[in-house]
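A short worksheet on the structure shown next.
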Amino acid sequence: MQGLLGLFASCGFTLNAPSGATEGDVLIAQIIAKASETITAPSGWTRISPASGVGTSLRQHIYYRYIATGQTAGSATWQIDGPWLGLLNSGYATGVMYAARGAENPDCASATTFRCGGTVTGGVGTSVVAPSMSLQYPAGSLRMAFFASNSGTASITPALENSATAGVYNRAGGSVTGVGLHGSYYLLGSDSNGGQQSANLNTSSYNIGSTFILRAAPVLTCVSDNFNRSTGLGNDWSSVRVAGDFTPQIVNNRLRLTAAVTNQSTGVSFQRVFPSAGNYLQLVFRFYGYGGGGADGVALILSDASVTPQPGGFGGSLGYAPKSNPTVAGFAGGWLGIGLDEYGNFSSSSDSGPCAPGVTCSSNGIGQSLGIRGASPNYYWLRGTGTLSPTVSNSSGHLYRVTIDSRMAGKVLVSIERDTGSGYSTLVSTFDAAPYTGQSTMPAQMVFSLTGSTGEITNVHEIDDVQVCASSMSTMQAQIDHYRFSTTSTPLTCTPAQILVQACMDANCSTTYSGNVTATLTPSGWVGGDTRTFAGSGATLGLTYTLYL
């Protein structure tokens, strides 16, 4: 963090960026003037309305500018206009510019967000306060306080609560025409609303205190896959199908999840494990849907890493939600399912299950939309979009970017963006997925999967250009691909059928799991109970079935 001040001006002044400011840094400016003056920011700078205020005889504006790739920090000139400029003793204005490195790109111009935010208060006297925020921010976030006085003769001394560092101090002009500013900053040591920062004045004056908090950017490890190969999915993916006879595979350098064939439910799981607490996960993929009648779609899923991934129902369930006719369970251990819903039944309460209590959703569904469903066993619909334009179905490929941020204890912040060719736009603004009714506590570790489905209407569904980034992830231990059931004897009346059950590590069951497994077997009727622990290499178990004639 660095700061650089600009001296007084009668019509405008220029601030130079602190030395070393470069791409990816965030510039923050504190500008003060008399209340009757108008402050005009230079191009590229955004005023943080929640942190800016006008009091008696005084105005304080806080601005930011993110230095994007290819840009330079440079200098910036603020214009000051108003009645004070025509007086013999012109009113003074001043400012300071700071540079922050390792911070998020701010998005809180008009309102406080989970990424950044501000607040402001004003008063008169010998103390000035930069108040705490209404939201909490995670450890490592930058907390800045800005203090302003309408007197150029008043000294401002920050109290430096929480071992804060003093910012840049400047004052100009006299007790009537002048102004003064100071500040402080520190990094949050734990999840916090920033607390209160204050400063003392050596003489009573009108004052303004502003707060700005900016979340730290995560340090990410990324893995990418463009599927430009003919050698199969490789070690980064495992595949499964629960309905239909198509298994996900690479076709023409894309991952094809379904063919244009009816009643399919398939999935692939990325072979990494993501800790839930204190993590930041960003998933990018390109989606294609074409070649059929426009149904049903794909889902991006986060599920409990302790449960073997297994897709849910075909059709509108998109491989995540359960299905009632025929009865198919939802995605095993599912915690969050984000559906690209071509036909519209993923959002339908009469098809893929009800909405969360207190949430309004459609009984008829919303075609060509994006929807989000919650954790098993309810798989409640949480929220979604209306019909999108351009449509979800497309043959040219649209990029989707899903961000899941659990760095703050008790919160799971989710946002979704899409790029159809001219840059990302927001489909679902950041929201907290944790507090919905029916949302279980997020499992300790999560797995990322993609599912595809068709129903009576079909499409080819393909994925490309996958990028998985996280602040923490690890390679998944060997995972069971599926369970194989083989009869070992001819079933006899009144005698349990003998079934060999094996935990297979690949589609052909050429290798089996080396340890013991615990599984709940279906259908019910297994001798000794439906939940059994047995050797992954195989165990012969008895199954009974009562037939009423």
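Read the figures in this text as sums done on the coordinates, not as results from a lab. Keep in mind the model is a prediction, meaning the values are calculated, not measured. So basically every Cβ, Gly included, is an ideal-geometry build from the backbone, and we count neighbours across all protein chains shown.
Some notes on this structure:
- Amide hydrogen neighbours beyond the local backbone of Val298, cut-off 5 Å, H modeled: Leu340, Glu342
- Each Lys or Arg adds one and each Asp or Glu takes one away; over the other residues whose Cβ falls under 13 Å from the Cβ of Gly117, this sums to +1.
- Summed side-chain charge close to Gly455 - residues other than Gly455 whose Cβ falls under 10 Å, Lys, Arg +1, Asp, Glu -1: -2
- Protection proxy ranking of 455-463, 197-205, 71-79, 338-346, by the mean of other Cβ atoms within 10 Å over each peptide's residues and highest first, is 338-346, 455-463, 197-205, 71-79.
- Whole-number D in µm² s⁻¹ for the range 482-543, Kirkwood Cα-pair radius fed into Stokes-Einstein, 20 °C, 1.002 mPa s: 179
- Given R0 = 41 Å, the distance between the Cβ atoms of Asp465 and Ser306 translates into a calculated FRET efficiency of 0.85.
- Unpaired by the 4.7 Å Cβ criterion, cysteines found in the chain: Cys11, Cys494
- The range 2-214: translational diffusion in µm²/s, Stokes-Einstein, Kirkwood Rh over Cα pairs, 20 °C, 1.002 mPa s: 128
- Shape category assigned to the range 225-475 from the gyration tensor of Cα positions, a/c cut at 1.5: rounded
- Structure-derived percent of Cα pairs over 37 Å apart - corresponding label in [x] 52; [y] 45; [z] 63: [y]
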